[in-house]
Amino acid sequence: LSRMGVKTDWNDSSNCIIQSEGLKKPRDIIFCRESGTTLRFMMAVCATTPHEAEISGAAALLKRPVKDLAIALQELGANCTSERGYPPVRVRGPIKGGSVRIAGNVSSQYISALLLASPLAQGRIEITVSGRLESKSYVQMTLEMQRSFGATLDVADDLSHFQSVPGIYSPANVEIEGDWSSAAFLLAGAAIAGEKVGIQGLSRETAQADRSLLEILDRMNGQTGQESGSVTVEKSQLNPVELDASDCPDLFPAVCALSAAANGVSTIRGIRRLRIKESDRVLAMSKGLNSMGIKTVESEDYLVIHGGRLLGAVLDPHRDHRIAMALAVLGLCADEVTIVDAECVAKSYPSFWSDLQSLGAEVTVH
């Protein structure tokens, strides 16, 4: 955003003031590193301006598909081209308006991106989701934030159809919730190797999909609770679980860790989309578990995990932040685990290793 003239001022450790007088022509390539969310959202943001923008990223990001979103932006009047459906992407707006249909089972980020841009189109935009919308809660979070900034949208109850009214966003003050996706790894670690861990700032009423970790822990006989505003988890003798992760895909690595430490055979389904994340997360977790002595059976859309005794190993997270954190949690139950490229956790949780140390884990960073 700063490359498009947006000013941000962190006036203390927890408050950010964002100021914009209209988006300018990017002064350079918008480089999204390995963030698929940034890539897809910025495609739509750039499509609201008459300026040409080039959006790219690190090698892993160049494997993340954007074809459906690029086609949708084209159909709405923007000029959007990609390298055979993958980054880098060139975008020039403005979005004029119209109707688009987009699949709901590839990435909810496509729908969120279109929604973010739609109030800034020249005319009314109609978005129809074909098939089942997976990760529905992320679209709900997008809509809630848009309404906070004054956007007017007509939304079907099942989130299969959206209509936007042209307008502008109004300034607003918002509070960003604590992140269940990051907290999941510490809570999982508490369940399999801790005594009792409490994490503050997590709302049980949130639309975040990964709040369902508590429900999953309950189903696995995990000991969960709430004390003085903290969500708590205690070390537990876990039972296996059967789970459809299609609506909470980011929990997959953490649930794999729980399943590996459980007494029995777990099956996690609805994981097809996880093969096009920062890594092929199904393959990465399966390999990591195998290296630690855990038997797995893998298919395109499910992973079977035979819980058991965890062995020490040298583990490769494939430069995927969530895989690295899940393997670290499993390392709490093994004699010694070495994780290569461990700095990749900084993508979403820069203080992960120090937070793990503060909870009593023996962590040595080379």
Legend entry - All-pairs Cα distance distribution in segment 213-322, expressed in whole percent, bin size 10 Å: 15, 46, 32, 7, 0
Legend entry - In degrees, nearest ten, helix 108-117 long axis to first principal axis of the chain (Cα): 30
Legend entry - Sequence ranges 213-220, 162-169, 225-232, ranked by mean other-Cβ count within 10 angstrom, highest first: 213-220, 162-169, 225-232
Legend entry - Using θ = phi - 60° and Karplus 6.51 cos²θ - 1.76 cosθ + 1.60, couplings along segment 259-273 (whole Hz; Gly, Pro as x): 5, 5, 8, 7, 9, x, 10, 10, 10, 10, 10, x, 10, 4, 5
Legend entry - Lysine pairs with alpha-carbon atoms under 19 Å apart, segment 1-112, spacing 8 or more or separate chains: 4
Legend entry - Spin-label zone in segment 95-120 - amide nitrogen under 18 Å from a point set 7 Å from the Cα of residue 170 along the C-beta vector: 119-120
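Per residue, how big is the convex hull of the chain when only Cα atoms are used? Give it in Å³. List each step's numbers first, then the result.
On the way: hull volume 51.2 nm³, N = 366.
It comes to 140 Å³ per residue, whole-number rounded.
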Legend entry - Note, ³J(HN,Hα) from phi for segment 288-305, Karplus 6.51, -1.76, 1.60, rounded to Hz, x at Gly and Pro: x, 5, 4, 5, 9, x, 9, 6, 10, 10, 10, 9, 4, 10, 8, 9, 9, 10
Inset, instruction - Using only Cα atoms, find the angle between the long axis of helix 36-46 and the longest principal axis of the chain, and express it within 0 to 90 degrees, rounded to the nearest 10. - result: 10
Legend entry - Where a label projected 7 Å from the Cα of residue 366 along Cα→Cβ would reach, residues of segment 296-321 with amide N under 11 Å: 314-315
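Taking R0 as 30 Å, what's the FRET efficiency between residue 156 and residue 18 from their Cβ-Cβ distance, rounded to 0.05? Spell out each step's value before the answer.
Details: r = 31 Å, r/R0 = 1.03.
With R0 = 30 Å, the Cβ-Cβ based efficiency is 0.45.
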Legend entry - Rounded accessible area per residue of segment 52-209, 1.4 Å, Å²: 45
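FRET efficiency for residue 267 and residue 2, Cβ-Cβ distance as r, R0 = 35 Å, nearest 0.05? All intermediate terms of the calculation are to be shown ahead of the outcome.
Working: r = 45 Å, r/R0 = 1.28.
With a Förster radius of 35 Å, E is 0.20.
Report the extension gain between residue 228 and residue 163 in nm, rounded to one decimal, defined as 0.36 nm multiplied by the number of residues separating them, less their alpha carbon distance. Display every interim value, and only then the final one.
Values: separation 65, 0.36 × 65 = 23.40 nm, distance 4.17 nm.
Length difference between fully extended and current span is 19.2 nm.
Once neighbouring chains are kept in place and the probe is 1.4 Å, which whole percent of the accessible area of the chain is contributed by carbon and sulfur?
Working: 7950 of 17150 Å².
Carbon with sulfur: 46 percent of the solvent-accessible area.
Over all directions, what mean area does the Cα convex hull of segment 2-74 project, stated in square nanometres?
Details: hull surface 23.0 nm².
The number I arrive at for segment 2-74 is 5.8 nm².
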Inset, instruction - Could you give me the radius of gyration and the Dmax of segment 292-345, taking only the C-alpha atoms into account and expressing both in angstrom? - result: 11.7, 32
Inset, instruction - May I ask you to order 50-58, 335-343 by the average number of other C-beta atoms within 10 Å around their residues, highest value first? - result: 50-58, 335-343
Inset, instruction - Write down the accessible area per residue of segment 228-338 in Å², having rolled a 1.4 Å probe over the full set of protein chains. - result: 37
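From the square roots a ≥ b ≥ c of the eigenvalues of the alpha-carbon gyration tensor of segment 169-247, which class results: rounded (a/c under 1.5), prolate (a/b over b/c), or oblate? Don't jump to the answer; show the numbers that get you there.
Values: a/c = 2.86, a/b = 1.63, b/c = 1.75.
Oblate, because a/c is 1.5 or more while a/b does not exceed b/c.
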Legend entry - Overall form of segment 82-225 per C-alpha gyration tensor (a/c, 1.5; a/b vs b/c): prolate
Legend entry - Gain on full stretching of the segment that runs from residue 235 to residue 132 - 0.36 nm per residue minus C-alpha separation: 33.4 nm
Legend entry - Stokes-Einstein translational diffusion, segment 74-124 - Kirkwood Rh over all Cα pairs, 0.890 mPa s, 25 °C, in µm²/s: 208
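The values are calculated or read from the model by the stated rules, or taken from the named source; none is laboratory data. From a predicted model like this one, the values you see are computed outputs, not experimental measurements. All Cβ positions, even for glycine, are placed from backbone atoms using ideal geometry, and neighbour counts span all protein chains on display. Areas reflect the complete protein model, heavy atoms only, side chains present, ligands, DNA and RNA absent. Shrake-Rupley method; radii C 1.70, N 1.55, O 1.52, S 1.80 Å.
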